[in-house]
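Remarks on the structure that follows.
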Amino acid sequence: MIRMLQDITGKDPTKVPLDDKETMSIFSSTKALGITPEQIHSEVGSFGVPEFGTKFVRGMLVDTRPTTFDELIRISRIITWYRRMVRKCPKLN
């Protein structure tokens, strides 16, 4: 997926700084992508980002509006923990 995005955009993902404001903004809005939430039926633009494109996680992003890479890591940990709990206790699903 990352390679495909690199081919489409011409941007090297290894060169994007972790504190790039425009990149981080896709986790809280769709503005940087040049589209409206109505066009993709989502308030955030993280569809193509592994682990951050599901409806459940996009809902978390809307609720938390992360602005730093550290916050994304914390959300990722919560997702991992939740998935482990669901596997152990199917009633959570």
Problem - Failed criterion for residue 26 (all others in (1) surrounded by 13 or more Cβ atoms within 10 Å (Cβ to Cβ); (2) out of contact with any helix residue (DSSP H, G or I) (no Cβ under 8 Å at 6 or more places or on another chain) hold) - result: (2)
Exercise for the section: Collect the residues in segment 30-55 that are of a type in the set (Ser, Thr, Tyr) and buried (at least 17 other Cβ atoms within 10 Å of the Cβ), keeping them in residue-number order. Expected result: 30, 42, 46
Handout entry: Per-region count, segment 72-93, residues within 22 Å of residue 2 (Cα to Cα) and over 11 Å from the mean Cα position of the chain (by Cα)
Key = 4
Completion exercise
If we take segment 1-56, then helices (runs of 4 or more DSSP H) inside it with 2 or more residues that are closer than 19 Å to residue 70 by Cβ are 21-25
Fill in the blank from the handout: Note on residue 61: of the conditions (1) in contact (Cβ under 8 Å) with a residue 24 or more places away in the chain; (2) surrounded by 11 or more Cβ atoms within 10 Å (Cβ to Cβ); (3) out of contact with any Phe, Trp or Tyr (no Cβ under 8 Å at 6 or more places or on another chain), unmet is (3)
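All of the numbers you see were taken from the coordinates with simple rules; none came from a lab. Small disclaimer: the values here were computed from a predicted structure and weren't measured. Ideal geometry is used to build each Cβ from the backbone, glycine not excepted, and the neighbour counts take in all protein chains shown.
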